[in-house]
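Have a look at the structure below, then the notes.
The values are calculated or read from the model by the stated rules, or taken from the named source; none is laboratory data. Since this is a predicted model, take the numbers as computed values, not measurements. When we count neighbours, we look across all protein chains shown, and the Cβ atoms used for this are built from the backbone with ideal geometry, even at glycine. With ligands, DNA and RNA removed, areas are computed over all heavy atoms of the protein, side chains included. Shrake-Rupley method; radii C 1.70, N 1.55, O 1.52, S 1.80 Å.
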Amino acid sequence: MTETPLATTAAVDTYAFLSSVLAGIAQPVWVVDPAGEIRFTNPAAIAALGYDDAAELEGKPSHETIHYKHPDGTPYPVEDCSMLRPRRTGETIHSDEDWFVRRDGTMFPVEYWSAPIQTPTGRGAVVAFTDIEERRRLAQMTRERDIAEARATEARAGQRRIIEAGDAARARLARDLHDGAQQQFLNTLLHLRRTEQKWTTEPEQAKDLVGRAVGEAQSGIEGLRELAAGIHPAILTTRGLAAALYVLTGRLPFRVELDLAQIPLPPAVEASVYFFCSEALTNVTKHAKADVARVTTVMEDGHLTIQISDNGIGAASNPAAGGFAALTDRMAALDGTLEVTTTPSRGTTLTARLPLAPGPTNQG
Amino acid sequence: MMSVPRVIRVVVGEDQPIFQEGIVHVLQESGFDVVGTAGDAPELIRRLRAHRPDLVVADIQMPPDHTDDGLRAALEARASQPGLGVLLLSQFLEDRYVLELVADGAQGVGYVLKERVSEIAMFTDAVRRVATGGTAFDPDVVALLVGRPRKPGPLDELTTRERQVLKLIAEGRSNPGIAEQLVVTVSAVEHHVTHIFDKLDLPNGHADHRRVLAVLKYLKP
């Protein structure tokens, strides 16, 4: 390098001037000469980069000292670095987010401005940066809070829908009992009362009435049985999910293949999974026009995945969203998720995934 | 009705008093000897040990747990008294128990819906069959098992009449019993049975309880 003594003197003056201006400023600033070497750092920059003294940085190559790697640890080649470009092009560079390396090798996120500056040896760059770690942390907290709020709102809406669905189910149950069994047993009673009257005077008619009473009582019992099975099938308690699904699917108008993981589930989860499948298969019955469906459960990484697929017309063409919302709510109540994929004329697949606390297993 | 050489001794397990009384009446009026009754599973086991009857008629769902206590009590009693007939009554239409009951043989087992008790001829026929080592499964339950949607297979090749016969075999009926139900001759039934077993590729010519087992195993998905 061929520097004149005059230039060196001028340089000392320039940096001494900068030093006096920037010493008390909280904004970290440093200056790089045309060769890319650090010529000046203010105290804020020295502290932010984890050094004790300006002498430790001055004369060092800027990129190789504080900018040589990415946050994931991979090297950051100097050719890719835009921070020092103002030296060559005269432009001003701004970056919302980059990463600098401290003396101990740890990294911190920064926002920086890099502008050309005339140094005694030619065009260099002055870099002013801000440590944005705190800003990022706050933004992250805000984001998390927003997400939590959105989730809570969604959960409240889901809970309301679950309660409404429960109320609607109770109303339906009362109506079914009223129109069904109650009516049939009332008819039974009426037929028997009339039989009583006609017993001696019109024995043939009385006999016919008894027959009708028996018929009414029988359909009353059948109605109650169906109703009870729909509310909570006894076999779910006695024999578990697989047996209950076996019984349920035997009554459907299409074939259902069951491929269920042999895992003991907590009773409440088992019931929820049963009703989830029951509701999903009811959707298939109502909308899909399928001739085969498949129910698969897999236990993996502490999560139970339930997949219900059919080979029907696909739900895209019919707005069965109400059904899916109820299913989504059911899963959300268990901290689970539901994904629906459907292709016209290629069927629908529901994939539910819910976390499970490790249960009692006999394996290993 | 054929005369019974020896009076069949029965213990009844049912927790609802009115219905228990109803079962006892039906059985007594049909010539069975009800030697004991029980309202819960532990009591049922004690009665069965004390009386060693030919048959236990028990509600599947009983105290103390109201799950399948009656079923478990009856099977437990049978483990210590081989040959004890077990006829279970169910409030629910569940073909699953049928497959469970025949898991190790279809001899002296039955499963019927509770309301069949009121169809006296059918119920007492079931009681007699199970007490004498036969099988009796509820027509509606078997219909569920036979009607279950399944992959295309040899079952599709059965004629309507053959399907009717298959269903009656699964209920545990003998050839004369099937003939009576369908109002055809016994030899006509034998003819259908041969065809069915050929089509399904099942070994034929076994005792009634063996062919029930073969058919139910075939129907099991």
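At-a-glance table
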| quantity | calculated |
| --- | --- |
| With DNA, RNA and ligands ignored, accessible area of A:Lys286 (1.4 Å probe; Å², nearest 10) | 150 |
| Cα gyration tensor category, rounded, prolate or oblate, for the stretch B:9-138 with a/c compared to 1.5 | rounded |
| Ranking by accessible area, most exposed first, for B:Val183, A:Val78, A:Val29 with a 1.4 Å probe | B:Val183, A:Val78, A:Val29 |
| Semi-axes of the equivalent ellipsoid for the stretch B:149-219, Cα gyration tensor, largest first, Å | 18, 14, 11 |
| Chain pair B, A: total accessible area buried, heavy atoms, 1.4 Å probe, Å² | 1900 |
| With DNA, RNA and ligands ignored, accessible area of A:Trp99 (1.4 Å probe; Å², nearest 10) | 60 |
| For the stretch B:109-167 versus the stretch A:65-100, the gap between their alpha-carbon centres in whole angstrom | 82 |
| Solvent-accessible ranking of A:Leu84, A:Leu224, largest area first, probe 1.4 Å | A:Leu224, A:Leu84 |
| For the stretch A:26-35, 3J(HN,Hα) per residue [Karplus equation, 6.51 cos²θ - 1.76 cosθ + 1.60, θ = phi - 60°, Hz, x = Gly/Pro] | 6, 6, x, 9, 9, 10, 10, 7, x, 7 |
| Percent antiparallel among DSSP beta bridges (both partners in the protein assembly as shown, rounded to 5) | 65 |
| Apportionment of accessible area to carbon and sulfur, the stretch A:86-218, percent (1.4 Å) | 55 |
| Mean-position separation - Cα centroids, the stretch A:231-271 and the stretch A:126-151, in angstrom | 47 |
| Heavy-atom accessible area, 1.4 Å probe, ligands and nucleic acids excluded: residues of the stretch A:242-283 down by at least 30 Å² from chain alone | A:Tyr246, A:Val247, A:Gly250, A:Arg251, A:Arg255 |
| Solvent-accessible area of B:Phe137 with every protein chain in place, 1.4 Å probe, in Å² to the nearest 10 | 10 |
| The stretch B:3-60 and the stretch A:9-60: distance between their alpha carbon centers, rounded to Å | 102 |
| Nearest-0.05 FRET efficiency for A:Met141 and A:Asp167, computed from C-beta distance (R0 51 Å) | 0.85 |
| The stretch B:149-219, dipole about Cα centre (Lys/Arg Cβ +1, Asp/Glu Cβ -1), debye to the nearest 20 | 260 |
| Accessible surface of the stretch B:9-138 [probe 1.4 Å, protein heavy atoms]: carbon and sulfur percent | 51 |
| Environment charge of A:Ala157, counting only residues whose C-beta is closer than 12 Å and scoring Lys/Arg +1, Asp/Glu -1 | +1 |
| Per residue accessible area in Å² of the protein assembly as shown, where ligands, DNA and RNA are left out and the probe is 1.4 Å | 52 |
